[in-house]
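Heads up, the thing below is written out as C-alpha cells.
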Amino acid sequence: MTGIWQPIDSENSVFEEPVYSELISELYGSSWYSRLSSAEIDYYRSYIQDGTTLEIGCGTGRLLIPLFEAGCDIYGMDISAPMLERLKEKFPPDQRHRVIQWSVLQVPYPIDDESLDCITVPFSSFSLIHDGYVDRVDENTAFREFYRILRPGGLLIINDARTYIHDKAGGSAAIAQQELDGKEDKDMEGCVQDDTLILTFKQQHSKHGEIKEEWISKFSLKETRIIPELVIREREIVFTRVSDGKVLERQSETIPVWDVEDYPKLGKDAGFEYLKGEETPDFHVSATVNHIFKKPL
C-alpha cells in the first residue's frame, strides 16, 4: 500500500457482510443516489484546502472523484467491493491505491496516528455504517478512531439528513411522520400507515428497465450511554422490476438514527470540540446539516 495506508492483513481487513450489492452499485450512477451539486463540491473544497483528507463511505466516487480532479489530496474507505470496483475504474491506474475496502467499525484502521487533516462523512452515511451494530453504539467506535487519526486541529465533517429533533414522546408513528416530512423528492412517493413509513422511488436499470425501490421502515427507542433515547430504524428495502413484478432483491438493515442535537454529544464523548452545525439546503433535494468538529490543539 502507498499514501496514507499501512500494510493490511487481508484475512482481517473487512467484516464479511453483504453490503451494497451489485444491483445497487449498478443503479448508483444513474439514480438519485448520485446527485451532486457544485455547491457541495465547493463546500468540501473550502474545508479540505491543501490538507490530506479521508472520505468515509466513498462508494462509487460521487464526491471523491470531483474533489480528486480538483486537486485535493483525498483518500476513501468503503465496505462495498462492487462500489469500489466502479470507483477504481475512474482513477488513473497509479492512483487506485487511494481507496480501500474496509469497515468503518473495524479498528484500528491501517492509518498511523495523527496522519490526516480532515475526515468527511458525506451524504448522511454515518448512521448506515452502524447497520447491524446498534448494540455497539455505546462504544462510540467511529468517533474515537476518527480522533486518533486526525492531527491536532484537524476537522471532522459529518453530513446528516435530520435538521430536526425527533418527537420521541409521540412514539413511533410521530417519528415516522417526521421522517416523511423531512423528505422532498419529485421521484419519491411516501406515506405513513399506522407506525410504518413507506417510501417508493423510481429507478432505471440498463438491463431490467424501470425498477421500483421501496423502503419500509419502523422506529423504536433504545436507551444508550450517550443518548438516553436513541431512535432505531428497522428498514426493509425491496427492488421490484416493474415490467413483470419480479422482486430482484431484498435487503434489511437496523441502524441508529441520531438527532441534530445528538452529534455534539458523540463528538464530546470522543474528545472533539463541536464547532457548529451548518444547514446545507443546496446539497440535495432536501436540506441537510453538516456537523463540524475539531480535534483540539
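Residues checked against (1) surrounded by 19 or more Cβ atoms within 10 Å (Cβ to Cβ); (2) within 28 Å of P82 (Cβ to Cβ); (3) more than 19 Å from the chain's Cα centre (by Cα):
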| position | (1), (2), (3) |
| --- | --- |
| R98 | yes, yes, no |
| F123 | yes, yes, no |
| F143 | yes, yes, no |
| P152 | no, no, yes |
| D160 | yes, yes, no |
| T163 | no, no, no |
| A169 | no, no, yes |
| Q177 | no, no, yes |
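Answer with yes or no whether V238 is over 20 Å from the mean Cα position of the chain (by Cα) and either over 14 Å from D138 (Cα atoms) or exposed (fewer than 14 other Cβ atoms within 10 Å of the Cβ) (or both). So V238 does not fit the description; no.
Name the residues in region 11-32 that are modelled with pLDDT of 60 or more, surrounded by fewer than 16 Cβ atoms within 10 Å (Cβ to Cβ) and hydroxyl-bearing (S, T, Y), would you? Listed by number, the list holds a single entry, S30.
Of all residues in region 186-212, those being open to solvent by 50 Å² or more (accessible area, probe 1.4 Å), over 10 Å from A176 (Cβ atoms) and assigned to a strand (DSSP E or B) number 5.
Pairs meeting the criteria (first residue in region 125-152 and β-branched (V, I, T), second residue in a helix (DSSP H, G or I) and at pLDDT 95 or above, beta carbons under 7 Å, at least 6 apart or on different chains) are I129/A142.
Within region 106-122, can you find the residues that are hydrophobic (A, V, I, L, M, F, W, C) and out of contact with any strand residue (DSSP E or B) (no Cβ under 6 Å at 6 or more places or on another chain)?
The initial filter retains those residues of region 106-122 that are hydrophobic (A, V, I, L, M, F, W, C), namely 107, 111, 116, 118-119, 121.
Passing the criteria: V107, I111.
Taking the condition in contact (Cβ under 8 Å) with a residue 40 or more places away in the chain and either in a strand (DSSP E or B) or open to solvent by 50 Å² or more (accessible area, probe 1.4 Å) (or both), does I255 pass? So I255 fits the description; yes.
Free of Cβ contacts under 8 Å to residues at least 24 places away in the same chain and either buried (at least 16 other Cβ atoms within 10 Å of the Cβ) or part of a strand (DSSP E or B) (or both) - does that describe any residue in region 242-249?
First, the residues of region 242-249 that are free of Cβ contacts under 8 Å to residues at least 24 places away in the same chain: 244-247.
Of the ones still in play, those that are also either buried (at least 16 other Cβ atoms within 10 Å of the Cβ) or part of a strand (DSSP E or B) (or both) are 247.
Yes, there is a match, as at least one residue in region 242-249 is free of Cβ contacts under 8 Å to residues at least 24 places away in the same chain and either buried (at least 16 other Cβ atoms within 10 Å of the Cβ) or part of a strand (DSSP E or B) (or both).
The values are calculated or read from the model by the stated rules, or taken from the named source; none is laboratory data. Note that the coordinates shown come from a computational prediction; the quantities given were computed from them, not determined experimentally. Cβ atoms come from the backbone with ideal geometry, glycine included; neighbour counts cover every protein chain shown. In case anyone asks, the SASA skips ligands and DNA or RNA and just uses the protein heavy atoms, side chains included. Shrake-Rupley method; radii C 1.70, N 1.55, O 1.52, S 1.80 Å.
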